[in-house]
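Enquirer: Next up is a structure, given as structure tokens.
The values are calculated or read from the model by the stated rules, or taken from the named source; none is laboratory data. All values derive from a computational prediction rather than experimental measurement. Using ideal geometry, Cβ is built from the backbone for each residue, glycine included, and neighbour counts are taken over all protein chains shown. Only protein heavy atoms, including side chains, enter the accessible area calculation; ligands, DNA and RNA are left aside. Shrake-Rupley method; radii C 1.70, N 1.55, O 1.52, S 1.80 Å.
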2 protein chains.
Amino acid sequence: MLIDIVLDAFGADKAPEPEIKGAIRACRHLPVRVHLVGPEPELRPLLEQHLGNQHELPIVIHHASERIGMDEKAAQAVRAKKDSTMRVGLKLVREGKAAGFVTAGNTGAAMATAKMVLGALDGVDRPALSTIMPTVSRTPSVLLDVGANVDCDARNLVQFAKMGEIYARSVLKIDNPRVGLLNIGEEEGKGNELTKEAYPLLKALPLNFIGNVEGRDIFNGHVDVIVCDGFIGNVALKTTEGASRLMRDLLRESLTSTLKSKVGALLSRQAFNAFRKRLDYTEYGGAPLLGLRGVCIIGHGSSNDNAIYNGIRVAAEAVKTQTTEAIAREFAGQIPARPTHDAGEAAGGSIPYHDQSAH
Amino acid sequence: MLIDIVLDAFGADKAPEPEIKGAIRACRHLPVRVHLVGPEPELRPLLEQHLGNQHELPIVIHHASERIGMDEKAAQAVRAKKDSTMRVGLKLVREGKAAGFVTAGNTGAAMATAKMVLGALDGVDRPALSTIMPTVSRTPSVLLDVGANVDCDARNLVQFAKMGEIYARSVLKIDNPRVGLLNIGEEEGKGNELTKEAYPLLKALPLNFIGNVEGRDIFNGHVDVIVCDGFIGNVALKTTEGASRLMRDLLRESLTSTLKSKVGALLSRQAFNAFRKRLDYTEYGGAPLLGLRGVCIIGHGSSNDNAIYNGIRVAAEAVKTQTTEAIAREFAGQIPARPTHDAGEAAGGSIPYHDQSAH
């Protein structure tokens with residue numbers, strides 16, 4: 001009945017507190033069983049402490065002795081740390097003991113470990129890291145790839161389009177998602193060699209391809225799925241982060257220097273918080289790595305418990321809506337050979353799925 | 001004594017009013033003579049009207065019968081319109097009648113016309129469009145290329161680094177500018193084929209190369225000149241525009257819904273305006289197209305008179321500081337054969353240059 005989700009308990013910068021709190025909240029409000037992975041001697045007393053008398057909650061601990069740090073080089077860490085929280089956690093998914101994996105750890109290491117342990121679905125050349133971006137409308141957009149793959153070819157972009165479209169439909173609940181090619185002009189024929197080659201291939205797909213879009217369209221609600229090479233997407237993502245931080249800093253400075261009175265300061269703080277909430281990445285739950293044999297969500301290192309909660313929520317939603325199975329069908333014309341335990345059952349549609357309702 | 005600057009009078013969306021007002025202000029406050037280019041029968045009465053009794057101001061009109069629209073395809077417009085304001089204006093620079101050109105018109109058409117009419121300096125493979133980006137510090141950063149060249153090779157990036165560094169030193173007055181390579185990670189060896197190839201070449205240059213930088217560094221004051229392929233730069237620029245617009249919209253919404261009282265609304269408007277001023281692109285005067293035989297500044301289509309004024313100011317500053325000559329020396333080891341009329345004289349250093357002081 002419950003959807004089994006693995007959570008790397010030692011991913012976030014402030015781990016394991018955000019993970020423990022997020023997991024407890026998820027177990028209280030979502031139909032999930034959370035498998036916390038980390039050094040048990042350290043993790044168990046902390047979990048017990050936070051649980052208090054909520055012993056009925058479906059949280060289990062799986063021991064893993066090693067943690068991959070944020071500043072470690074991915075390839076090296078993945079090779080050297082055979083008993084990392086990431087590897088142990090992803091093995092649980094591979095073995096069918098859980099259907100999804102969530103981490104707020106080192107993105108490079110998470111991608112490398114997930115590709116190694118889970119593997120790509122048949123027909124998927126390169127799994128793609130996708131971010132969910134805020135827009136002026138209430139529906140966010142999906143940008144992919146944002147750094148899993150650089151030096152992509154046109155065929156890769158076509159695969160990203162298909163996977164992003166499925167994710168937008170299943171997890172974000174967007175009907176007939178508009179898919180756009182990130183480019184430097186709107187007219188067909190614009191762009192670099194890659195986008196010129198990809199355009200006709202995307203146009204030929206049986207999905208709602210709306211043509212070229214530009215950087216500003218990521219946020220203006222004109223497109224739902226934005227496809228690009230991983231280098232471009234990563235630059236776009238980090239540029240957005242930088243521009244947002246600059247604007248927040250300047251705004252804070254401007255508000256505090258202008259609104260000198262106490263009432264002004266109070267009002268401005270309220271406005272600023274409301275504003276911040278609309279842009280809050282923690283609501284989106286992290287970046288799905290699409291195209292793997294299992295659900296994998298990678299959150300920001302600065303994730304708090306709300307971000308972790310939403311990471312688990314999104315992973316469970318992807319399992320419930322059979323995103324992996326849909327991508328597998330799209331690419332291979334059939335359900336993948338390896339079953340994802342619990343996923344099929346939980347996603348059968350007969351189990352009520354309460355998004356944020358109380359347990 | 002005066003620096004001759006050509007201004008496309010029919011560039012901006014609301015032309016020619018911003019151009020006429022900006023030109024008048026420039027002539028009153030800067031040591032410049034402005035050559036307004038446009039259809040004389042339409043332009044002269046408007047200029048007379050705005051001038052009033054300031055007949056002593058050094059503004060002259062040059063007739064050009066055609067205007068290139070914002071939505072026209074660049075290549076086609078440049079071919080078809082032989083008497084466009086852009087072509088006539090740039091010819092004045094080529095013929096030595098002026099030292100710099102400013103337009104707020106169609107960027108693609110301006111780039112194509114400038115390359116055709118002025119030509120690149122010896123040794124410059126591809127002139128680069130550079131934007132000036134706001135940062136948390138008082139000094140902006142320079143990002144190039146932002147769309148003049150896609151599918152760049154490592155040699156192109158090296159040239160962009162040299163040109164951007166000279167511009168940052170001469171026009172932005174940055175001592176020993178820090179030059180960074182826009183990439184998706186900070187460590188050497190990160191990135192795509194292009195950045196991996198460019199890194200050692202940049203490292204070998206006799207300038208202050210600080211290695212790889214990421215999208216967020218454009219704004220955080222850690223780097224002064226950011227070098228990238230034109231496709232990447234254009235995506236970064238337009239993503240910044242989109243993210244800024246989203247944040248402004250959400251902020252406005254948040255402020256108006258939170259600050260209900262009149263005093264709150266007044267306070268918030270003040271704060272918002274102060275904030276907006278810090279991010280105001282009109283202060284930067286537009287994007288220089290570097291590497292040509294003459295100064296060429298391309299402003300935003302939405303330029304107001306302040307943006308035009310600053311475009312003229314920046315063009316004059318580039319002439320005065322001999323940016324073109326410095327780039328020519330860097331690339332060819334010598335001053336270019338073709339003299340840029342007035343530039344040498346005006347830039348001699350003996351003429352006082354009053355930035356914003358009254359005439």
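Enquirer: Take B:L181 and tell me if it is in a strand (DSSP E or B), more than 30 Å from B:F10 (Cα to Cα) and hydrophobic (A, V, I, L, M, F, W, C). It would help to see each step written out before you state the result.
Expert: Details: in a strand (DSSP E or B): yes; more than 30 Å from B:F10 (Cα to Cα): yes; hydrophobic (A, V, I, L, M, F, W, C): yes.
It is true that B:L181 is in a strand (DSSP E or B), more than 30 Å from B:F10 (Cα to Cα) and hydrophobic (A, V, I, L, M, F, W, C).
Enquirer: So, one more: Assess whether A:V179 counts as being hydrophobic (A, V, I, L, M, F, W, C), open to solvent by less than 10 Å² (accessible area, probe 1.4 Å) and outside the structural domain of A:F331 (by TED's automatic domain parsing). Break it down stepwise before answering.
Expert: Numbers: hydrophobic (A, V, I, L, M, F, W, C): yes; open to solvent by less than 10 Å² (accessible area, probe 1.4 Å): yes; outside the structural domain of A:F331 (by TED's automatic domain parsing): yes.
Taking the combined requirement at face value, the residue satisfies it.
Enquirer: Picking from B:A98, B:A77, which residue would you name as being at pLDDT below 95 and open to solvent by less than 20 Å² (accessible area, probe 1.4 Å)? Break it down into steps so the answer makes sense when it comes.
Expert: Values: B:A98 fails: at pLDDT below 95.
Every option except B:A77 fails the conditions.
Enquirer: Open to solvent by 10 Å² or more (accessible area, probe 1.4 Å), more than 16 Å from B:K238 (Cβ to Cβ) and in a loop (DSSP other than H, G, I, E, B), is that true of A:G189?
Expert: Values: open to solvent by 10 Å² or more (accessible area, probe 1.4 Å): yes; more than 16 Å from B:K238 (Cβ to Cβ): yes; in a loop (DSSP other than H, G, I, E, B): yes.
The answer is yes for A:G189.
Enquirer: Determine if region A:235-254 includes at least one residue that is in a helix (DSSP H, G or I), at pLDDT below 95, under 17 Å from the mean Cα position of the chain (by Cα) and more than 9 Å from chain B (Cβ to nearest Cβ).
Expert: Checking region A:235-254: not a single residue is in a helix (DSSP H, G or I), at pLDDT below 95, under 17 Å from the mean Cα position of the chain (by Cα) and more than 9 Å from chain B (Cβ to nearest Cβ).
Enquirer: Kindly indicate which of A:K173, A:K162 is free of Cβ contacts under 8 Å to residues at least 60 places away in the same chain and more than 30 Å from B:K73 (Cβ to Cβ). It would help to see each step written out before you state the result.
Expert: Values: A:K162 fails: free of Cβ contacts under 8 Å to residues at least 60 places away in the same chain.
When all the criteria are applied, what remains is A:K173.
Enquirer: Only residues that are at pLDDT below 95 and either crowded, with 20+ Cβ neighbours inside 10 Å or not assigned by TED's automatic domain parsing to the domain that holds A:A112 (or both): list them for region A:80-95, please.
Expert: none
Enquirer: Of all residues being among the charged types (D, E, K, R) and not in a loop (DSSP other than H, G, I, E, B) in region A:192-218, which is farthest from the other protein chains (Cβ to nearest Cβ)? Just the residue, please. Talk me through it step by step, then tell me what you get.
Expert: Within region A:192-218, the subset among the charged types (D, E, K, R) is A:193, A:196-197, A:203, A:214, A:216-217.
Imposing the further condition that a residue be not in a loop (DSSP other than H, G, I, E, B) reduces the set to A:193, A:196-197, A:203, A:216-217.
Working: A:E193: 5, A:K196: 10, A:E197: 12, A:K203: 20, A:R216: 3, A:D217: 7 Å.
The qualifying residue farthest from the other protein chains (Cβ to nearest Cβ) is A:K203.
Enquirer: Out of B:A148, B:A109, which single residue is assigned to a helix (DSSP H, G or I) and either buried (at least 24 other Cβ atoms within 10 Å of the Cβ) or touching a Leu at 6+ places or on another chain (Cβ under 6 Å) (or both)?
Expert: Only one candidate passes the filter, namely B:A109.
Enquirer: Only residues that are free of Cβ contacts under 8 Å to residues at least 24 places away in the same chain and out of contact with any strand residue (DSSP E or B) (no Cβ under 6 Å at 6 or more places or on another chain): list them for region B:80-94, please. Outline the logic, then answer.
Expert: Residues of region B:80-94 that are free of Cβ contacts under 8 Å to residues at least 24 places away in the same chain, as a first pass: B:80-83.
Correct list: B:A80, B:K82.
Enquirer: Turning to a different aspect of this structure: Out of everything in region A:282-332 that is within 9 Å of the chain's Cα centre (by Cα) and in a helix (DSSP H, G or I), what residue ends up being nearest to A:A168 (Cα to Cα)?
Expert: A:V314
Enquirer: Follow-up. B:R44 is checked against (1) open to solvent by 20 Å² or more (accessible area, probe 1.4 Å); (2) farther than 12 Å from B:G11 by Cα; (3) modelled with pLDDT under 95 and fails just one. What number does that condition carry?
Expert: So B:R44 meets the others, but not (3).
Enquirer: Out of region B:233-243, which residues are of a type outside the set (S, T, N, Q) and open to solvent by 10 Å² or more (accessible area, probe 1.4 Å)?
Expert: To start, the set of residues in region B:233-243 that are of a type outside the set (S, T, N, Q) comprises B:233, B:235-238, B:241-243.
Passing the criteria: B:L237, B:K238, B:E241.
Enquirer: Which count do you get for residues in region A:1-39 that are out of contact with any strand residue (DSSP E or B) (no Cβ under 8 Å at 6 or more places or on another chain) and open to solvent by 30 Å² or more (accessible area, probe 1.4 Å)?
Expert: 8
Enquirer: Now, a different point. Here is a check on your reading of the model: is B:V60 surrounded by fewer than 18 Cβ atoms within 10 Å (Cβ to Cβ), touching a residue at least 12 places away in the same chain (Cβ under 8 Å) and closer than 27 Å to B:P41 by Cβ?
Expert: Details: surrounded by fewer than 18 Cβ atoms within 10 Å (Cβ to Cβ): yes; touching a residue at least 12 places away in the same chain (Cβ under 8 Å): yes; closer than 27 Å to B:P41 by Cβ: yes.
The answer is yes for B:V60.
Enquirer: The conditions are (1) within 14 Å of chain B (Cβ to nearest Cβ); (2) surrounded by fewer than 22 Cβ atoms within 10 Å (Cβ to Cβ), and A:C228 fails exactly one of them. Which is it?
Expert: Evaluating A:C228 over (1) within 14 Å of chain B (Cβ to nearest Cβ); (2) surrounded by fewer than 22 Cβ atoms within 10 Å (Cβ to Cβ) leaves (2) as the failure.
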